[in-house]
Every structure is written in structure tokens, then in C-alpha cells.
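The next block holds one structure in the form of C-alpha cells; read it before the comments.
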């Protein structure tokens, strides 16, 4: 029997090249439960090759019969999940001092190799009854094996490489005053969060280049998989890699010793190609916001210290950017993709194809991307993200969001927007197709394209989703299974429109460019209306009190946080240990985050702090058919006063004054002036342009056609 165990261990380790870490953490002097995620039928056998002999494995009776020769080699309990006596048997085993290994999901994952399925409360009950210490175990790799249930969702092979990471031990928090049902539910939630955090920890890498991750993705998911599409072309992994190698050869000759370059392109396969070509060269792209205007683009180029701008003649022409490019061209060299394509030499193509055949990797020296803040409150700042930051946020996101090869991401959010960049790179590096569309403002076209491409994921702001919802046919979004709203608060009427018309409920998330960008999000498993969801695994937080306000200012830590800022005419400023989001938030007992407002989005009226976001919410409820935005301006008598912009002419300020009174809101929520505008100025990210609105509010012309209280 000893020889058989030894041979089984050798064979399994050779076939799967399993790498274990954290074995030294195991301490069985106290009651112990090991809790791994469950990716395939072979998980228990793989774990058995290295875990100590005294560990008792809990195995489903059907799996125990199917793999009887292997299972008999280890101590095990064959249980029927539907039999309540099985739990009692496990409790007795732990109480006797035997460490127990149980898969808390209760079944092999069928949704996604990246995220967990639901956690059964039985494991929490066992831990609560025995006071056991729990060890989270993160498995990665078995989902790609022929022994998984992921056929048609992930490209499978017989013997993928497997990693097993054992995390730090923990015990459950419990409250004896609560019912056992409540205690079990909270225990299951705590187990889920600990296991998700361990999964993220096991997947996060440092010192990486996203080009090398593209090579790995192509190997795992198949070189002929169509991973990216736009209006005019489709890229398989093979085509994307080959084109990136070839274009990198051309760019290398053009850029020479330049460490970085500005990129001015719309959402397209060509934009993705340019980014990966720059990654291959280990050069830093600074992605410009083409809706920011010539001045802000010039400031961005100065801030990033670039000498060259990469763009497209077709884009400049269609985007009516010729005057902007002519102005920028006086100070910077402008390279057009069309010109570079036309001047490609045969040697470039042959060299690039040779690089593809050899699968040459990129260096890991200058792995940075520069994005720019929206400028919604001040001059844009350069946000320096390392490839590892973006990769970490990708892993955090896919740990709570089940995605697979059947999905299609529809992304019209521009890549100069951090969310737009993430939801382009995330699918490409995980074997999921992404469809790139150049503008989120084509409200009638986007629903039709989402229908035509069978999109399953859609991203946008509340403003964009409202417009798509109004323009779309009820069947246009029939294939969607997830709609994620960010950048601004998701309005209740927009959510209800989607539920009523498409039977799809948009979920709200929250992020910031500095966090690459996702910080919190609602998911199919964990969601609460009116919140932006729970913080992603791997993100630590603390709340800094703000006088006069409920909740506190949110400060965060995590592997997804930027390297630092590039400040105009000041240079690089490293990210502090705790990043201050500038947002005032509240967290409930289950960890769901509610955004109160930005610190800068408060008016101080007569010594009282008034949330401008809340004023907007009240105004939106009052003027349901209008778009609204609130700003504050100085007032000699009260300190500050509130100006409300509304897009419908017939609305009067008396209406909101009465609405505030009727609904029991504080009179401080009543704007002092209502200004009617044809449409609100909006940034390229979809957020209201508060800088432009504040300037407008401070102009004497704002009094024209305005109502005062």
C-alpha cells in the first residue's frame, strides 16, 4: 500500500507538475478544517499527494465510487450532500482531533474557473460546533483539465499545470445571541470572502509584462480563438500576436530611445494592437482622452514627457480632430498608423513572424501605462499604473465575476477611461471575446450591435444605459446576462427601465482610475440595491471621520493601486501607503458600500455640510424627465449656495422647493437657483463636467432664465 501511494504521488505530480506552497503553515494541534475551492474531479487526488497523512478527506459518494482506487489510498468520509447525518459525522471527526478537508462549494465548479460558486452553510456549522481553525486553499489549473466540468467554457487539456496555495489560518466570528441559522449564513459569507482573498493572493503577480500574459493566454485558450473584434476586423490570438510582433519591429525603428509615446485612438482592434506592440517593446503608452480638447491633451503630453503621438488619419478625420492634431503637431511628432502600415518592409514582416514562431517574450523594465484623470474637478493628472496593478485588478474582478469562453464583452467605453481599458484587457487575457466599439454615444447603434454580436456583458454609465434603454427594441439585449454601471450613480428609474423592458437588472460598481479601477461591485451572488457592492477581495480599507457627516472618507490599500501620479510641471509623486479616494462612504454590517458623496462634492451652507450628490438625487426624483447637475458657488451671507442645472425649460424652482418640503427633506437641500440648459456638458468618461458647470454657474449669464428661491 505504501508503494502504491508513493507511485500515485509521483505519477500525479509528474503529469500535473503540481506546485504547492504554504504547507509549513499547517498546524493540527487544534481542531482543523481545510477548505479548498473545487475545480475538477481530480482535486482531492492532487491534494492527497502532498497533504499530511492524518488529513481526512470528505468526498461525495458518487466521486468516491468513480475514483475508488485513488480514494482508498487516503483516509476519507464518503458523504451524501442531501443526508443531514453526513454533517454530524464530520463534526465527530473534527472533535476527535482529525484534520478534515471539505470542499465548501459542495460540488465541482461549472460556472467559471475564476470565481467561486455558492458556499454551503454546513462547513460553517461544523466550524462553529467544533471551534475549528480553518485553512483556505487556492487551487488553480484543474479547471483546464479534462476532469473538470468546464467543457465548451474553457479549452481543456489532459494535464495542465496546477498550483496549490495554502493560506493563513483563521477562525470564524460568531455571535451566540443570534440564531444558528443566522450564524451559519454569516459563517458561509466569511468563508467565501477568505477563500476569494486567497484565490486573488495566489493569482496576483509582480514584475510582469502584459504582453507575456497574452502569450500565456493564447497557449491556454488556443491560437485560433477569435478574441477581439470591431466593426471592420476580427483578431484571433495568432493574428493579434503576429501583428503585434510586426508592428513592434516598425515602432522600434521609429521610437528608438523614447521611453514612452502618447496614443490617440478610439476603441478598436488597432488600438489593442498598438498597446500590445508597445508592451512588447517595454515602452510606456500614455493614452490621451480625445474628448478633452487641445489644451488638456497638450497638458497630458507635457505631463507624460512624450515626444511622439500615435494616431490614425481615419480617426482624426471622422472625429473632426484635424485642428487639434495640427496644433499638437507643432510641438510633437505625429505618427499615423496608416502611414506606418504602408511603409512596412518585407523584412519587418518576416522578422515579426519569426518572433511569433519563437514566441519571444517582452522584457520587464518599463511596464507602465499612463492614464489621465477626467479633469472633472481640476487639471488632469497622469495616473501611472504598472502592468501588475492592472493584472491584479483583473484577477480581483474575475474572482467575483463568473466569465467563460461563451461570453462576449461589448465595450464602448473608451480605453482612455480606466474601466474601458480593464474590460478590454480582462477578456483578452482570459479567453473571452471582446467587441470594441468607438463611441458610447451612438445610442441607437449600440443596442443593434449588441443584439447582432450576442453580447453577454455590457458596461456603461447610468446616462448611457438610460439612452440605450430608451432606444433599444425589447429583444435587443436578449443575450445579456450582466450589465455593469459605473462612473456615476445608477438612477432607480434607469434600473427599473432595464428590468421592465429587458428583464435584465443592471448592477452598480465603484472605482477610481488610481485603483486600476474597480474597488467595489455588486455581483450576481452578492448584491444590494442602492449600494455599489462589496469591496473586491485583496483590498483593505479604513474610514477617516469627516466632521458633520455619517460614514467616513474611504482610504484603501491593495495590489491594484497605482505606482503614483505624474503632476504637470511637478513630476512623479508616489502613491502613499493608504490611497485617499476622496469619497465619503458608509459600509453596512455585510460590507456593502454606499457612496455618500465626494469630499469636494459638498456645499457648506451656514456651517452645515450638504451633499451635492443628494441634491441631484432629490432633483432627479422631482424632475423625472430631465437631466440634472448641482454645483456650489461662494455666497457672502451663507458661505456657499447651490446652483442646479436642468435640461427641461418648463421646470420651475418652486416645484423642487415644494417637493423638498412634501418629502420631509432638509430645506438646505433646496437649490438657491435653477439654470436651464439644452444639455449637460459630459466628459468622455460619461461623468458630468463639473468644472465647466461651475464656470457657467459663476458667470453672470447664469442668471438669465434662472429662477431664484
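Taking the range 612-622, which residues are under 19 Å from residue 641 (Cβ atoms) and either touching a strand residue (DSSP E or B) at 6+ places or on another chain (Cβ under 8 Å) or modelled with pLDDT of 85 or more (or both)? Within the range 612-622, 612, 613, 614, 615, 616, 618, 619 qualify.
Look through the range 35-45, keep the residues that are part of a helix (DSSP H, G or I) and over 13 Å from residue 143 (Cα atoms), and return whichever of them is nearest to the chain's Cα centre (by Cα). Among them, the one singled out is 44.
Checking each residue in the range 624-634 for being within 12 Å of residue 674 (Cβ to Cβ) and at pLDDT 85 or above picks out 628, 629, 630. Comparison of 302, 326, 363, 338 shows that the only residue that is within 30 Å of the chain's Cα centre (by Cα), assigned to a helix (DSSP H, G or I) and assigned by TED's automatic domain parsing to the domain that holds residue 238 is 302. Under the condition of being part of a loop (DSSP other than H, G, I, E, B) and at pLDDT 80 or above, the residues counted in the range 48-81 number 8.
This table checks each residue for (1) touching a helix residue (DSSP H, G or I) at 6+ places or on another chain (Cβ under 8 Å); (2) surrounded by 23 or more Cβ atoms within 10 Å (Cβ to Cβ); (3) part of a strand (DSSP E or B).
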position	(1), (2), (3)
404	no, no, no
410	yes, yes, yes
414	yes, yes, no
424	yes, no, no
427	no, yes, no
430	yes, yes, no
443	yes, no, no
451	no, no, no
454	no, no, no
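Screening residue 113 against (1) in contact (Cβ under 8 Å) with a residue 60 or more places away in the chain; (2) surrounded by fewer than 24 Cβ atoms within 10 Å (Cβ to Cβ); (3) in a loop (DSSP other than H, G, I, E, B); (4) under 23 Å from the mean Cα position of the chain (by Cα) leaves a single unmet condition, (2).
For residue 522, are the conditions met, namely being closer than 30 Å to residue 589 by Cβ and at pLDDT 95 or above? Criteria met by residue 522. Considering the range 170-219 alone, what residues qualify as being assigned to a loop (DSSP other than H, G, I, E, B), surrounded by fewer than 18 Cβ atoms within 10 Å (Cβ to Cβ) and over 21 Å from the mean Cα position of the chain (by Cα)? Residues satisfying the conditions are 171, 173, 175, 176, 177, 178, 179. In a residue-by-residue description of the range 381-388, the property of being outside the structural domain of residue 156 (by TED's automatic domain parsing), out of contact with any strand residue (DSSP E or B) (no Cβ under 8 Å at 6 or more places or on another chain), surrounded by fewer than 24 Cβ atoms within 10 Å (Cβ to Cβ) and touching a residue at least 40 places away in the same chain (Cβ under 8 Å) applies to at least one position. A count restricted to the range 652-667 and to residues that are touching a strand residue (DSSP E or B) at 6+ places or on another chain (Cβ under 7 Å) and buried (at least 17 other Cβ atoms within 10 Å of the Cβ) stands at 1. Among the residues in the range 471-478, are any under 26 Å from residue 647 (Cβ atoms) and part of a strand (DSSP E or B)? Among the residues of the range 471-478, not one is under 26 Å from residue 647 (Cβ atoms) and part of a strand (DSSP E or B), which makes the answer no.
Out of all the residues in the range 147-156, is one or more at pLDDT below 90 and touching a strand residue (DSSP E or B) at 6+ places or on another chain (Cβ under 7 Å)? Checked the range 147-156: at least one residue is at pLDDT below 90 and touching a strand residue (DSSP E or B) at 6+ places or on another chain (Cβ under 7 Å). Consider the range 569-585 and keep the residues that are under 20 Å from residue 389 (Cα atoms) and without any contact (Cβ under 8 Å) to a residue 24 or more places away in the chain. The one that is surrounded by the fewest Cβ atoms within 10 Å (Cβ to Cβ) is 577.
The values are calculated or read from the model by the stated rules, or taken from the named source; none is laboratory data. The structure presented is a predicted model; accordingly, all values stated were derived computationally and were not measured. Neighbour counts run over all protein chains shown; Cβ positions are idealised from the backbone, glycine included.
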